[in-house]
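See below for the structure under consideration.
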Amino acid sequence: MASQQERWQLAGTAAEVYQEHLVPAIFGPWAPIVVESASLRPGERVVDVACGTGAVAREAAPQVGVSGTVVGLDLNPGMLAVARELPPASGALVEWREGDATAMPFHNAAFDVVLCQLGLQYFPDRPAALGEMHRVLVPGGRLVLLVWQSIEHSPGFARLAEALERHVGTLAAAIMRAPFVFGDPEEVRVS
């Protein structure tokens, strides 16, 4: 058994640490909810935008089955390398693609469903990314986004940001507040 000190030592790349610690704590538990919200059907074509190490894409693969298609898209090659090393999900074979959410490397109307779990808030040009998501969807396709609301809806994180500001500095507090950019659901509506 690892000692208390050994358990707190981080090793590996940022993507490996993300997969080992953040996926089980944050991204993994939300993945089934995102996929369930999409009401996926066998044979559908799905893209997981900002897929990270693939928690949502892996969850979608069994739902669309071997006749379906799942593509995990991420800008970070390190995340995709870890995604490729993990055991494949059942169902559709997931294709891991490097690409920018604001200029997706796909044809118009290439997908029945676009999924994006906790990625949109980090894109430097969110309207462009939303436009691209709309562009790659078939008419009548489905887009499922999971984003944080404003930090006031997450009191624990709000208190942590306040403590960071008091004891560490404004930059640390700003980093903690960064994902909490959406206060109004209309902010993610595509016209």
Here the relative contact order (percent) of the stretch 35-115, from C-alpha pairs under 8 Å and at least 6 apart, is 37
Of ILE151, ILE175, ILE26, ordered by accessible area with the largest first and a 1.4 Å probe, the sequence is ILE175, ILE26, ILE151
What relative contact order, as a whole-number percentage, does the stretch 6-142 give when Cα pairs under 8 Å and 6 or more residues apart are counted?
-> 24
In degrees, nearest 10, the alpha-carbon axis of helix 126-136 is tilted away from the dominant principal axis of the alpha carbons of the chain by 20
With label points built 7 Å along Cα→Cβ from the Cα atoms of GLN149 and ALA163, find their separation and express it in nm.
-> 2.3
Go ahead and estimate [θ] at 222 nm for the chain from helices alone: -39,500 (n - 2.57) per DSSP H run with n ≥ 4, summed, over the residue count, rounded to 500.
-> -10000 deg cm²/dmol
Residue-level accessible surface for SER37, protein heavy atoms, 1.4 Å, Å² = 80
Once both axes come from the Cα atoms, what is the angle between helix 155-167 and the longest principal axis of the chain, in degrees from 0 to 90, rounded to 10?
-> 50
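Rounded to a whole number, what % of the accessible area of the chain do carbon and sulfur atoms account for, probe 1.4 Å?
Working: 6160 of 10600 Å².
Answer for the chain is 58 percent, counting heavy atoms of protein chains only.
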Assign one of three labels to the stretch 97-191, namely rounded, prolate or oblate, based on the Cα gyration tensor with a ≥ b ≥ c the square roots of its eigenvalues; rounded applies when a/c is under 1.5, prolate when it is not and a/b is larger than b/c, and oblate otherwise.
-> prolate
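Taking only protein heavy atoms and a 1.4 Å probe, what accessible area per residue, in Å², does the chain have with all protein chains in place? Don't skip to the end; give the middle numbers.
Numbers: 10600 Å² over 191 residues.
Each residue of the chain exposes 55 Å² on average to a 1.4 Å probe.
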So what's Rg/Rh here for the stretch 12-144, counting alpha carbon atoms and using the Kirkwood radius for Rh?
-> 0.93
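With charges set only on the Cβ (+1 for Lys and Arg, -1 for Asp and Glu), what does the dipole of the stretch 59-123 come to about its Cα centre, in debye to the nearest 20? All intermediate terms of the calculation are to be shown ahead of the outcome.
Working: 2 positive and 7 negative charges, 9 e Å.
Rounded to the nearest 20 debye, it is 40 debye.
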Cα shape, the stretch 81-142, gyration tensor, a/c 1.5 rule | oblate
For the residue pair GLU20 and ARG41, what label-to-label distance in nm results when each label sits 7 Å from Cα along the Cα-to-beta-carbon direction?
-> 4.3
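The values are calculated or read from the model by the stated rules, or taken from the named source; none is laboratory data. Since the model is a prediction, treat every value here as computed from it, not as a measurement. With ideal geometry, Cβ positions are generated from the backbone for all residues, glycine too; neighbour counts draw on all protein chains shown. For accessibility, only protein heavy atoms count, side chains too; no ligands or nucleic acids. Shrake-Rupley method; radii C 1.70, N 1.55, O 1.52, S 1.80 Å.
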